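See structure below.
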Amino acid sequence: MIDDLPGGLTARHPAEEDHPRVLAVVDAWWGGLKGQAGALERALLLPRLYFQHFTTSSFVVERDGGEGEEGEDAGQLAAFLVGFLSQTEPDAAYVHFVGVDPHLQGQGIGRSLYRAFFALARSHGRRYVHCITSPQNTASQSFHTRLGFTASAAKPDYDGPGLDRVTFIIDLAAG
């Protein structure tokens, strides 16, 4: 499904049963960014419906214990990307939420997930991919810029009072 992952990792589309697994790692992977308010915000951004209705445009990456091997890390969540094809903009797709285990960051896993999503978007005739992050998440901002996304200035109250966001867009036809 995703050919350029580091060894020992496999990707698949998520299932509803993956929802609690993802929620269980999100706060730890974000290092407690924005405290309890941030933890609640992240949990509310990933309701079960994404794992029921957007599975064909999303991915999970797991550690692979190999055939017959019962390694302690086998099947452990390594990364995920929740995305979808826009229902209202026929040339757009949207990456809603992405996470990579901090111990695995810097190995190209996030880039591989985005490449797979870009390929999926192109295969459905989509030209643009959008996403957002909080202004405090400077690591996300740097990552998206390195991938070729264009970032906006912080947009106050984008997602409601006090929920400022930085928006990103990439033109898949430009690359």
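The values are calculated or read from the model by the stated rules, or taken from the named source; none is laboratory data. Being a predicted model, the structure only gives us computed values, none of them experimental. Neighbour counts are summed over all protein chains in view; Cβ atoms, including those assigned to glycine, are modelled from backbone coordinates with ideal geometry. Accessible surface is based on the protein model in full, side chains and every heavy atom, while ligands, DNA and RNA are left aside. Shrake-Rupley method; radii C 1.70, N 1.55, O 1.52, S 1.80 Å.
Please identify the DSSP H helices in the chain that span no less than 18 Å along the helix axis (Cα) and have a mean Kyte-Doolittle hydropathy of 1.6 or more. Sorted by number, there is nothing, because no helix extends far enough and scores high enough.
Which values, in whole Å and largest first, are the semi-axes of the equivalent ellipsoid of segment 128-175 obtained as the square root of 5 times each eigenvalue of the Cα gyration tensor? Write down the numbers at each step before the final one.
Working: eigenvalues 86, 27, 8 Å².
In descending order, the three semi-axes are 21, 12, 6 Å.
For the pair Leu23 and Asp91 in one chain, pulling the backbone fully straight at 0.36 nm per residue adds 21.4 nm over the alpha carbon distance.
Solvent-accessible area of the chain (1.4 angstrom probe, protein heavy atoms only): carbon and sulfur portion equals 51 percent.
Give me the dipole magnitude in Debye, nearest 20, for segment 19-143 about the Cα centre, with unit charges on the beta carbon: positive for Lys and Arg, negative for Asp and Glu.
Numbers: 10 positive and 12 negative charges, 137 e Å.
That gives a dipole near 660 debye.
The heavy atoms of His96 present about 40 square angstrom of accessible area, all protein chains included, probe 1.4 Å.
One way to sum up the overall shape of segment 1-59 is the equivalent ellipsoid from its Cα gyration tensor, whose semi-axes run 23, 16, 8 Å, largest first.
Plugging the Kirkwood radius over Cα pairs into Stokes-Einstein for segment 1-158, at a temperature of 4 °C and a viscosity of 1.567 mPa s, what D comes out in µm²/s? Intermediate values should be presented prior to the final figure.
Details: Rh = 16.4 Å.
Stokes-Einstein gives a translational diffusion coefficient of 79 µm²/s.
Where does each of Asp101, Asp27 land when they are ordered by accessible area, with a 1.4 Å probe and the largest first? Mind showing how you got there, number by number?
Values: Asp101 15, Asp27 60 Å².
Order by accessible area, largest first: Asp27, Asp101.
With contributions of -39500 (n - 2.57) from each DSSP H run of at least four residues, the per-residue ellipticity at 222 nm computed over the chain stands at -9000 deg cm²/dmol. Taking the chain as a Gaussian network of alpha-carbon nodes connected by springs under 10 Å, the highest mean-square fluctuation of the residues Gly110, Gly148, Gly31 belongs to Gly31. Determine the distance separating the Cα centre of segment 2-61 from the Cα centre of segment 126-175; give it in Å without decimals. Result: 19 Å between the Cα centres.
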